[in-house]
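**Q** Please find one structure pasted underneath; my questions will follow.
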Amino acid sequence: MENKSTTELQRLEDAARAAWLYYVAKNTQEEIAQKLEVSRQSAQRLVALAVSEGLIKVRLDHPIAQCMELAQQLKNKFNLVECEIVPSDPNTPDSNHGLAQCGATILERYLKSETPKTLAFGTGRALKACIDELPTMQSPQHNIVSMLGNMMADGSASAYDIVISMANRVNAKHYPMPLPVIASSVEEKQVLHSLQPVKSIFSLVQEADATFVGIGQITENAPLLMDGFINDNALDVIKNEGAIGEIISWLYDKNGQLLANATNERVVSAPLTINASNPVYGIAAGTDKVNAIHAALKGKLINALITNEHTAKAILKIL
């Protein structure tokens, strides 16, 4: 909104007021028109503007039977502590629609706790979308901790960094990790891990009350490749080594076992906890992610899942 004119900003403020009156206070458009001293048509346009500008975030609070059944099947099969399945759009079954709202609801549950919590975060598009759905909150009692570096190979900031954007939204103490995601050598990684601030962050990650991670697939459109952390040659190598997925850049095979390879030797991220006692939420959906999610569940790299109907059905079909 920084580049909008004063008139446009005032228009958005009016739209926000109209939307609040309509969706929260349950006023009719006629009542909104009277309160804002505009015509009924103008009130209608203001509410429509609030929707088109993304000022309104809608959450559907309704137990859909099939989603609940799929969630229970996944919980039983993989011994999950929690599983949330959102409906899929039949026309776009690979869409992430709904994941962000569901993830944000779970995050709010932790953030509204008066008891101080430490929440650890990975990265990824779906996870960042969850953060974008959070309302502005005051949560100074909590710690928000990054599990991996937020720097690209050239030193620029990652576009999908979670911790800083979330901390600004919820006013919590945060611990970013200004390090590369993958070190240039094992020796460089050892130096970085020897830094006291990094050791402190890793300790917080280990003590986290809940962890939230994205799940990356190792395919031609792997996030590691698309985001510039590896090149095409490196992708071919790790595919030949059996990599099927990654969580905070740690590569694992079809059984959810971490690979003993040159790339994992240089990953700077916090160590993954296998079969963790506290919730580790994996947030991902889509046909190309099915095998990666299944492997993460099988290897107990995650013990909680947020996905959609289409993906859940495909996971359950894998023997």
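The values are calculated or read from the model by the stated rules, or taken from the named source; none is laboratory data. Here the structure is a predicted model, which means the values were calculated and not measured. Note that we place each Cβ from the backbone using ideal geometry, even for glycine, and neighbour counts take in every protein chain shown.
**Q** Identify the residue in segment 197-242 that is in a strand (DSSP E or B) and among the β-branched types (Val, Ile, Thr) and, among all such residues, is nearest to Ser269 (Cα to Cα).
**A** Keep residues of segment 197-242 that are in a strand (DSSP E or B), which gives 210-214, 216-217.
After this cut, where a residue has to be among the β-branched types (Val, Ile, Thr) as well, the list is 211, 213.
On the way: Thr211: 14, Val213: 12 Å.
Here the residue is Val213.
**Q** Then there is this: Looking for something within 25 Å of Glu84 (Cβ to Cβ), out of contact with any strand residue (DSSP E or B) (no Cβ under 9 Å at 6 or more places or on another chain), in the same structural domain as Thr263 (by TED's automatic domain parsing) and touching a residue at least 12 places away in the same chain (Cβ under 8 Å) - is there at least one such residue anywhere in segment 162-183?
**A** Yes, some residue in segment 162-183 is within 25 Å of Glu84 (Cβ to Cβ), out of contact with any strand residue (DSSP E or B) (no Cβ under 9 Å at 6 or more places or on another chain), in the same structural domain as Thr263 (by TED's automatic domain parsing) and touching a residue at least 12 places away in the same chain (Cβ under 8 Å).
**Q** Hey, does segment 253-265 have a residue that's touching a residue at least 12 places away in the same chain (Cβ under 8 Å) and surrounded by 23 or more Cβ atoms within 10 Å (Cβ to Cβ)?
**A** no
**Q** Filter segment 263-300 for residues that are in contact with a helix residue (DSSP H, G or I) (Cβ under 8 Å, 6 or more places away or on another chain) and of a type in the set (A, V, I, L, M, F, W, C) and give the result.
**A** Residues satisfying the conditions are Val267, Val268, Ala270, Ile283, Ala284, Ala285, Val290, Ile293, Leu297.
**Q** If we keep just the residues of segment 46-88 that are of a type in the set (Lys, Arg) and modelled with pLDDT of 90 or more, which is surrounded by the fewest Cβ atoms within 10 Å (Cβ to Cβ)? Step through it out loud before you land on a result.
**A** Residues of segment 46-88 that are of a type in the set (Lys, Arg), as a first pass: 57, 59, 75, 77.
Of the ones still in play, those that are also modelled with pLDDT of 90 or more are 75, 77.
Working: Lys75: 16, Lys77: 13.
In this case the residue turns out to be Lys77.
**Q** Then there's this: Just for segment 155-184: of the residues that are in a loop (DSSP other than H, G, I, E, B) and in contact with a helix residue (DSSP H, G or I) (Cβ under 7 Å, 6 or more places away or on another chain), which one is farthest from Thr105 (Cα to Cα)? Working first, answer last.
**A** Of all residues in segment 155-184, those in a loop (DSSP other than H, G, I, E, B) come to 155-156, 158-162, 171-172, 176-179, 181, 183-184.
With in contact with a helix residue (DSSP H, G or I) (Cβ under 7 Å, 6 or more places away or on another chain) added as a condition, the list becomes 160, 162, 176-177, 179, 183.
Numbers: Tyr160: 20, Ile162: 16, Pro176: 23, Met177: 26, Leu179: 30, Ala183: 35 Å.
Once the filter is applied, the top-ranked residue is Ala183.
**Q** Now a separate question. What single numbered condition from (1) within 30 Å of Glu265 (Cβ to Cβ); (2) in contact with a helix residue (DSSP H, G or I) (Cβ under 8 Å, 6 or more places away or on another chain); (3) without any contact (Cβ under 8 Å) to a residue 60 or more places away in the chain fails to hold for Ser139?
**A** So the condition that Ser139 fails would be (1).
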